[in-house]
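Below is one structure, written out as structure tokens; comments come after it.
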Amino acid sequence: MERLLRDKKAIFLFTFPTFLLFTVIVVLPIFFSIHYSTLEWDGFSQGTFVGLANYKSLFVNNTDGFLQSIINSLILALISVGIQLPISLLLALIIARGVRGENFFRTVYFIPVIISTVVIGQLWMKIYNSDYGMLNTVLRAAGLDQYTKPWLADTHTALAAVFIAMLWQYIGYHMLLMYAGAKSISPDIYEAARIDGASEAQMALHVTIPLMKPILCVCVIFAVTGSFKAFDLIYVMTGGGPLHSTEVPTTLMYTTIFSRYQYGYGSAMAIFIIAECLIFTLVIQKLFHQNAEG
Amino acid sequence: MAAEMKQKLARGQKKRTKPFCFSSFFLYLFLGIVTLIQVYPLIWLFLFSFKNNNEIYSGNAMGIPHVWRISNYYSVLTSGNVGIYLINSVIVTGITIVLSTALITTSAYAIVRMRWKASHLFLNYILLGLMVPIHATLLPLFIVLRNLNLLNSYLSLILPYVVFALPMGAFIMVGFMKNIPLELEESACLDGCNVYQTFWHIVFPLVRPAVATVAIFTFLSSWNELMFANTFINNDRLKTLTVGIMSLSGQQGTAWGPIGAGLVIATVPTLLIYLLFSKQLQKSVIAGAIKG
């Protein structure tokens, strides 16, 4: 047995394909991206090395709206943490306390998460359709005709409209994670709290939520980095328009590379997005950690 | 024994003290409203996929269709390319699942069971992939695939999908394999099985539940993937469903019914798989999140 499990040839056969593919398709491209981001390059001719100039033009005298796109993604992160997560938490706490139909609600709330973002995007475009969409139809039926508008074509409402669809899709995701966190708490602890005379609300506030801190930390990280990386729904619904009002860093990166052929500059955006995600992940972890100690 | 009793007691008491009071009405009302918000758009989609524009424009945008026009489905499947997109998605996703399963199970076996110095390092190396957003690899992969003349091929999607399925899959599989008892493999060895036979006849059947979990995960992420599919394929005959139905709204203009039918066709497979395996899927989502 021992001898068989030290079989070098078998180990090589079992691991090398994975190692090779993973290195070529995930690890090396990151270094390529970093390299591209230091070039002035249209992807076809020879690129010229420009150092950190691409990064500089992301922020200094920026004309393509990159700063606005960062602000948009920060707004998304903020409402995701401030609105989406509390809704998910409330749902998770209610369901985890053992309502009838616990499995039904959990399963149903998760459905939007598994559906393709293209379908979700197209569906919400129909919901926001100015003539026959669900939203305007409901508004008209309620006699609120003056509030109907082409939601996605109006620069004032497009951003909110897209964000609502995104929050809607992932409420169930965070709910599921928080539900698992709440479920993993030992019933004995609730018992002790109940004997001490705590109400349901008090228990949720002083027992469940503090004990859920690790999973809440994960959810906050996912909500924030997910907002920075968000691409699919915005790309499908508005493509960053109208007039760049729904642009986020990823959509801008995509058009910079594949429509404007600024490979170097677009790569700098990609690296910026990764760095942003890493930094925020570390900061959020640190904040939760400090909180746990204090 | 005492601990067991205590647990039983705690469970019993928990049951008794479920909130039965008047507030439970509002509780269920709230849960019901959220259910409606989460599901109604999908029901609405299902309904309008059977309508034609006349019906929608003449005031029935919301209700049950007057006539259930199955012809909408027939027409997108035959006249449009949705049939082709569907087949492409099945091919790409199917091969992705088979290849990633092969890589994940063999690697996990080598990591968990076999004795070599770098096994832990190897696992951590693969798990690094959980942190890498696909944006960082999009352009380099595009250039490599272009130089290899692999753009507009199934392979251009299958390769990245397989590799991006590895980290999560390896994580789930390694965790599962650690918990299966060694005895069966030992007796197989005594019976004269070599490593490959032991892996294929003993270990692989034992890890099937984890294979299913990983396969569902991989299915969802590759079936729904947009960024690579949209960038690496522009030949209409090779497009997958996600990208295909995006162009569908171009082809069909503003015909609501057929577009709706296309969206429903793209959704039904995922929904079926989800409803069949929802427990397993939810478990793997949770397991993945705790690592990530």
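The values are calculated or read from the model by the stated rules, or taken from the named source; none is laboratory data. Because the structure is predicted, anything quoted here is derived from the model rather than measured. Cβ: placed from backbone, ideal geometry, glycine included. Neighbour counts: every protein chain shown. Side chains are part of the model used for accessible areas, which takes the heavy atoms of the whole protein and leaves out ligands, DNA and RNA. Shrake-Rupley method; radii C 1.70, N 1.55, O 1.52, S 1.80 Å.
Some observations on this one:
- Lone unmet requirement of (1) at the interface with chain A (Cβ under 7 Å from one of its Cβ atoms); (2) over 28 Å from B:ASN224 (Cβ atoms) for B:VAL132: (2)
- Of all residues making up region B:82-100, the number that are surrounded by fewer than 21 Cβ atoms within 10 Å (Cβ to Cβ) and among the β-branched types (Val, Ile, Thr): 6
Yes or no, residue by residue, for (1) buried (at least 19 other Cβ atoms within 10 Å of the Cβ); (2) of a type in the set (A, V, I, L, M, F, W, C); (3) touching a residue at least 24 places away in the same chain (Cβ under 8 Å); (4) in the same structural domain as A:VAL207 (by TED's automatic domain parsing):
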site: A:LEU76; (1), (2), (3), (4): yes, yes, yes, yes
site: A:SER80; (1), (2), (3), (4): yes, no, yes, yes
site: A:ILE83; (1), (2), (3), (4): no, yes, yes, yes
site: A:ILE95; (1), (2), (3), (4): yes, yes, yes, yes
site: A:GLY101; (1), (2), (3), (4): no, no, no, yes
site: A:PHE105; (1), (2), (3), (4): yes, yes, no, yes
site: A:VAL119; (1), (2), (3), (4): yes, yes, no, yes
site: A:MET125; (1), (2), (3), (4): yes, yes, yes, yes
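- With respect to the conditions (1) more than 18 Å from A:ILE171 (Cα to Cα); (2) over 18 Å from the mean Cα position of the chain (by Cα), A:GLU102 lacks only one, and its number is (1).
- Condition met for A:LEU278 (at the interface with chain B (Cβ under 10 Å from one of its Cβ atoms), open to solvent by 40 Å² or more (accessible area, probe 1.4 Å) and among the aliphatic types (A, V, I, L, M)): yes
- So A:MET175, is it under 26 Å from A:PHE66 (Cβ atoms) and either outside the structural domain of A:GLY98 (by TED's automatic domain parsing) or in a helix (DSSP H, G or I) (or both): no
- Residue within region B:195-211 that is part of a loop (DSSP other than H, G, I, E, B) and touching a residue at least 24 places away in the same chain (Cβ under 8 Å) present: yes
- Filter pass, B:LEU139 being under 28 Å from A:GLY266 (Cβ atoms) and open to solvent by less than 20 Å² (accessible area, probe 1.4 Å): yes
Per-residue answers, yes or no, for (1) on the phi < 0 side of the Ramachandran plot; (2) of a type in the set (A, V, I, L, M, F, W, C); (3) modelled with pLDDT of 90 or more:
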position: A:THR137; (1), (2), (3): yes, no, no
position: A:ALA141; (1), (2), (3): yes, yes, no
position: A:GLN146; (1), (2), (3): yes, no, no
position: A:ILE171; (1), (2), (3): yes, yes, yes
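- Scope region B:253-264; condition open to solvent by 10 Å² or more (accessible area, probe 1.4 Å) and more than 10 Å from every other protein chain (Cβ to nearest Cβ); matching residues: B:GLY253, B:ALA255, B:PRO258
- In summary, B:ILE64 fulfils each of the numbered conditions (1) surrounded by fewer than 17 Cβ atoms within 10 Å (Cβ to Cβ); (2) within 12 Å of another protein chain (Cβ to nearest Cβ) with the single exception of condition (2).
Residues checked against (1) loosely packed, with under 15 Cβ neighbours inside 10 Å; (2) farther than 19 Å from B:ALA108 by Cα; (3) at pLDDT below 90; (4) within 11 Å of chain A (Cβ to nearest Cβ):
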position	(1), (2), (3), (4)
B:LEU123	no, no, no, yes
B:PRO160	no, yes, no, yes
B:GLY169	no, no, no, yes
B:ILE172	no, no, yes, no
B:ASN179	yes, no, yes, no
B:VAL207	no, no, no, no
B:PHE217	no, no, yes, yes
B:MET227	no, yes, no, yes
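- Checking each residue in region A:167-184 for being in contact with a helix residue (DSSP H, G or I) (Cβ under 8 Å, 6 or more places away or on another chain) and either open to solvent by 50 Å² or more (accessible area, probe 1.4 Å) or farther than 21 Å from B:GLY288 by Cβ (or both) picks out A:LEU167, A:TRP168, A:TYR170, A:LYS183.
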